Amino acid sequence: MSDFSAFERLALPIVRGLVAMWVRPSVLPDDAKWQHGAGRVPVYALEKRSVIDLAVLEHVCRERGLPDPHLPVGAKAVLADSLIFLERRTGFFGQRIDRRMPEALRALTVAAGEDISFDPELIPVSLFWGRAPDRERTWFRLLIAEDWDIGGRFRKFLSLLINGRNLLVLLGETMPVQSAMSETRGMPRGPRRMWRQLRMQFRNQRAATIGPDLSHRRTIVTEVLRTHAVRDAVRQEVRDKKISRRDALKVARDYAYEVAANYSHAFVVFASGMLGRLWNRLYDGVELANFASLQSVDEGSEIVYVPCHRSHMDYLLLSYVVYHKGYAVPHIAAGINLNMPVIGSLLRRGGAFFLRRSFSGNATYSAVFSRYLGAMMARGHSIEYFIEGGRSRTGRLMQPKTGMLAMTVRAYVRKPVRPVVFVPIYFGYERLVEGRTYIGELAGRPKEKESVIGMLRTLPELRSRFGKVYVSFGEPLPLDDLLEHHVPGWDRQQPVTEEKPAWLSPLCVDLAHQIMTRINAAACVTPVNLMGTVLLATPRQRMGEADLARQLELYASLMRQAPYSPRVWVTPLDGQSMIRHCDSLRMLYRQSHPLGDIVGMSESTAVLSSYYRNNVLHLLLMPSLLASAFLNNTSVRRVDLLRLAGRVYPYVADEYFLHWREHELPAVVDELLEDLLNHGLLTASDDRSDWRRPAAESSESVQLSVLARISVPILERYYLAISLLLRAGSGRLTQEALERQCQLTAQRMAMLYELNSPEFFDRALFGNFVGRLRARNVVSEAAEGRLVFDAKVLEAVASDAQFVLHEQIRNSILQVVHR
C-alpha cells in the first residue's frame, strides 16, 4: 500500500464497497486457481497502479479462493504486499505515466538472487473494462471501453460505474522468479529483463484481447507506401505509363485506401451486441466445439484463421465467437464485391480489408496489398481469409486457392516477427440463408451480383427459423514446421530476395491440403446432416419411421465407435429425437399408414438436403465404399476389398480431403470392417480373410444396402467420365470438352433415373476428377490439349465398377453415353 498516496488510501474502502456491490467480472481462465508449489509465494503483477483495479483484484481473490494480495512476501517481508504495479500515474487526474522500473520488482529480484530458496511466483493480472464476454453493450459504454489510450482516474471511475458488470479479468501464465533469473542471476540487468518480460506479456494479452494498437489508418497507409517494394513498383509505373511520380504515388495511395481496413474497437463492441440479437433471432443457438485448439496456440503468435466458406454469415459469426471468448476480432480478407456503399464502410470498421479477384498485370496493386498484409502481421493482428476463394454451392469443400497463403508465407519469411499459426475452422449450418440461391446457381441460373438492394431483398428470409449453427476449431498448423520440412536449413536471419523461391509453390499446396483436411477432421454431425445422408440414399427419399430412426442411430454409432477424428462431434440425440428435430425445421412430411408412418422429403427439400449431407459425407465415405462391395456380392475376400479401396481411395481422398495416407489403408479397412461387424452389418471367417453380408431378409441387410448407396453416385460419376473417354478414344477430347460432355450426360441421367439434383452434374466435380487422373498419370495432355491414355489402364479402372455398380446402373450409364 506504500505505492498509494494518502488520498488513494482513504478512497480505497469506499471503492471496495462499490466494487463488492456493483462489479461482476468475468474471469479467464474459467477454472482460475493457484497451485501452491514447494516454497512458491504468489505475487500479483498489475499493469497500472489503480485503486479500482486493486479493489477488483481483492474481490476476484475472495470469490475464487485465491491468495490474498495483501500478504507479506518472504520471511523478511521483502514486500509488504503481494503486489507489483508496472506503471504509476502522476498528476491530480493521473494523466501522466511514470514508466520507470518499479522498486518492488527490483527488491523482489534482488532478494531472490541472494536466497535461492526464496522463489516467488509472479501472476500477471489484466483488466479490460467494457470487454466481458456475453454482456450487453450500449453506445454510452463505448465511450469508456478499454483501448490503447492512456486515460486517467476520472475515466477509470466512469468505467467502474458504467462497465462494472462488463469487465474481463485475465489471469496470465505464472512466472517463477528463480526460473526467469537462471541466466541473469547476480547481474544488474536481471531485474530489467524480468520487467521487460512482464511488459511484453501484458502487451500480448492486450493485443490478443482487444487487438493491437493499429494507430491511425493513415499511418498504416503511409508505412505501406514507404516500403521498398511499393517504391519500386511506383518507379516502374512511371516508366511504363509515362506519368509523373506524383500521379503514380496517387495511384498507389488510392490502392492502399481501397484495401485498408478502418478498424474501430468501439464499433466492434457495439456490433457485438447487435450480432448477439441477430443470432438469437435467426438461430436456436451457436454451438462451439474444440475451442481448446485455439487456446493451445502460444501467446504472441500471429493467428491466421482459415475457415471453410459456407455463407456470408461466416464473416460475422467467427468474429462474434472469438470476440466473446476473449480474443481480438481478426482482420478479414473480403472480396471487393462486398465493398458496397455504407456496407463496405461498416465492414472496414469491423476489421475487413478488401482484395480484388485478380492481381495479374497490376504490379503496383500487388505490391501494395502484399505489404499491407505484412504490416498487419508484423503488428500482431490476427488475420482471417477463405482459401476456397468463394462460398461452396455444393456443401463439400472446394479445391483451395493458394494466392493468399503464398502472400502470407512470403510476408512472414520477409519479416518473421511473430510465429505464424494457421487455425482451420469448420462451419456447420442446419439451414442456410442462401440455400435456395445455391441450388439455382448450380442449375445454371447466373450468380447475382452483391448489392445493397439484393441484401434488402433477403430481409424477409430472416423471419424464418434456421436451427443451430456449429463452429468447430481444427488442429492448429504452425508455419515454422512446414518451412523446416520444405526449406531445409531455413533460418529467420537469412536474407530474402523479392524473387519467388522454388519451394514456395510446393509448400503452399501442402499447406492448403493440410488446412482442408483439418477442417474436415473437425466436422460437427447434426440431425440435419444425418437425415439428408439417409433419405437421399433411398429411391424416393422416404422411409418407414421406425426404419429411419434405426438408420440414423446406426450412422451416429458408426461414427462414434470408429471415429474419423477425435475432433469430430456427433449429435447425442436418438433416432426419434432426430426425426422430431428435423420435423420442427419443416424438412419432412409424414404419411400415415396402418403398418407405421412413412417419413420423407419433398423433391425441393431433398435437393437442398444434398448440401447438408455433403458437409459430413467424408465421414461415412470409406464405410460406404466397403459396404458397396456387397451390393452385387454375397461374400467378398479381404484382398478384393483392399484392392477396391486402393483403386478408388486416391480419387475420393483428393475430392473429399480425407486425412489417411495410402500406406495406412490396410489398417483403416480392417478397423472399419470390424466396426461393421460389431454393428451386425457383416460377418467374417475366423481369420478375417472372407466377409459376408447378412441374410437378404434381415433388417441388417437393408441397413447395409442403404449405407452402400451413399457412395454409389460418386462411383457413377467416375464410371461415366471413364466411359466417355473410352468411347471417344485416346487423343480425341480436350479436358474442357470432356467436362462439358460429362455434365450434359450426368444431367440427362439425373433427369431419367435419379433425383434431379444439380449437385450430381456439377461440372467442377468432373473437372477435379480429370485433374486427378492427370496428376496420377492415368491420362496426359498432348498437342492442342487433347487427352491421351492407355485404354487398358482405364479399362482396369472401369472393371472395378462392375464389381460394385449394379448391372442395371452400368447399362443406364452406357445407354446415355452412346446416345
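The values are calculated or read from the model by the stated rules, or taken from the named source; none is laboratory data. This structure is a prediction, so every number in the text was calculated from the model and none was measured. As a convention, Cβ positions derive from the backbone with ideal geometry for all residues, glycine included, and neighbour counts pool all protein chains shown. Remember, those area values only see protein heavy atoms, side chains included, never the ligands or the DNA or RNA. Shrake-Rupley method; radii C 1.70, N 1.55, O 1.52, S 1.80 Å.
Once both axes come from the Cα atoms, what is the angle between helix 699-708 and the longest principal axis of the chain, in degrees from 0 to 90, rounded to 10?
With rounding to tens, the tilt is 80 degrees.
What's the carbon and sulfur percent of region 497-568's accessible surface, probe 1.4 angstrom, rounded to a whole number?
In region 497-568, the share of accessible area belonging to carbon and sulfur is 52 percent.
Which values of log₁₀ I(q)/I(0), to two decimal places, follow from the Debye formula for region 225-280 at q = 0.21 Å⁻¹ with a uniform point scatterer at every Cα?
Log-scaled intensity ratios, in q order: -0.77.
Hey, quick one: spin label on residue 690, modelled 7 Å out along Cα-Cβ, who in region 621-636 has an amide N within reach, i.e. under 11 Å?
Residues passing the 11 Å test: 635-636.
Hey, can you grab everything whose amide H is under 5 Å from the amide H of residue 525? Only 5+ residues off in sequence or another chain; H modelled, so Pro and N-termini drop out.
569, 570, 571
Which net charge results for the neighbourhood of residue 698, defined as the other residues with beta-carbon distances under 14 angstrom from its beta-carbon, given Lys and Arg at +1 and Asp and Glu at -1?
Numbers: positive: 550, 692, 693; negative: 547, 697, 700.
Residues near residue 698 contribute 0 overall.
For the chain, evaluate the Debye formula with one uniform point scatterer on each Cα (no solvent term) and list log10 I(q)/I(0) at q = 0.06, 0.10, 0.11 Å⁻¹, rounded to two decimals.
The Cα Debye sum returns log10 ratios of -0.49, -1.16, -1.30.
Can you tell me the 0 to 90 degree angle between the C-alpha axis of helix 638-656 and the longest principal axis of the chain, rounded to 10?
60
At 1.4 Å probe radius, can you tell me the per residue accessible area of region 286-437 in Å²?
Here the per-residue accessible area is 30 Å².
Taking the Cβ-Cβ separation of residue 10 and residue 76 as r and a Förster radius of 30 Å, what is the calculated FRET efficiency to the nearest 0.05?
In this case the efficiency is close to 0.55.
Mind giving me the nanometre distance, one decimal, between the label points for residue 464 and residue 634, set 7 Å out from Cα along Cα→Cβ?
Roughly 4.9 nm, to one decimal.
What's the extension gain from residue 296 to residue 179 if we count 0.36 nm per residue and subtract their Cα-Cα distance?
Fully extending the segment from residue 296 to residue 179 adds 39.9 nm.
Please compute the contact order of the chain in relative form: average sequence separation of alpha-carbon pairs under 8 Å and at least six residues apart, divided by the residue count, as a percent.
9
For residue 659, which sequence-distant residues (separation of 5 or more, or a different chain) have an amide H within less than 5 Å of its own amide H, given hydrogens modelled in the peptide plane?
Here nothing satisfies the definition.
I need the peptides 670-678, 737-745 ranked by packing, meaning the mean over residues of other C-beta atoms within 10 angstrom, with the highest value on top.
Averaged packing, sorted descending, gives the order 737-745, 670-678.
Highest mean first, how do 428-437, 768-777 rank when packing is the count of other Cβ atoms within 10 Å averaged over residues?
Final packing ranking: 428-437, 768-777.
Whole number in Å², please: accessible area per residue of region 572-666, 1.4 Å probe, ligands, DNA and RNA not counted.
41
State the Kirkwood hydrodynamic radius of region 691-740 in Å, one decimal place, computed from all pairs of distinct Cα atoms.
Values: mean 1/r = 0.0738 Å⁻¹.
Over region 691-740, the inverse of the mean reciprocal pair distance is 13.5 Å.
Just to verify a number: FRET efficiency for residue 671 and residue 776, C-beta to C-beta distance, R0 = 25 Å, to 0.05?
After rounding to 0.05, the efficiency reads 0.45.
Quick one: length gained pulling residue 192 to residue 246 fully straight, 0.36 nm per residue minus the C-alpha distance?
On the way: separation 54, 0.36 × 54 = 19.44 nm, distance 4.70 nm.
Working it through step by step, the gained length comes to 14.7 nm.
Could you give the nm distance between label points at residue 325 and residue 560, where each point is 7 Å from its Cα heading toward the beta carbon?
Taking the simple label geometry, residue 325 and residue 560 are separated by 2.4 nm.
Among the trypsin sites (Lys or Arg not before Pro) in region 567-671, which ones are in a DSSP loop with at most 13 other Cβ atoms within 10 Å of the Cβ? Mind listing them?
In loop regions of region 567-671 (DSSP not H, G, I, E or B), the sparsely surrounded trypsin sites (Lys or Arg not before Pro) are 586, 661.
Using 0.36 nm per residue of separation minus the Cα-Cα distance, give me the extension gain between residue 663 and residue 360 in nm, one decimal. Walk me through the numbers on the way to the answer.
Values: separation 303, 0.36 × 303 = 109.08 nm, distance 3.99 nm.
Full-extension gain reported as 105.1 nm.
Simple spin-label model, 7 Å along Cα-to-Cβ: residue 791 to residue 238 in nm?
6.6
Using Cα atoms only, what is the angle between the long axis of helix 265-282 and the major principal axis of the chain, expressed in degrees (0 to 90) to the nearest 10?
On a 0 to 90 degree scale, this one is about 40.
Would you please give the FRET efficiency between residue 799 and residue 336, computed as 1/(1 + (r/R0)^6) with r the Cβ-Cβ distance and R0 = 45 Å, to the nearest 0.05?
After rounding to 0.05, the efficiency reads 0.35.
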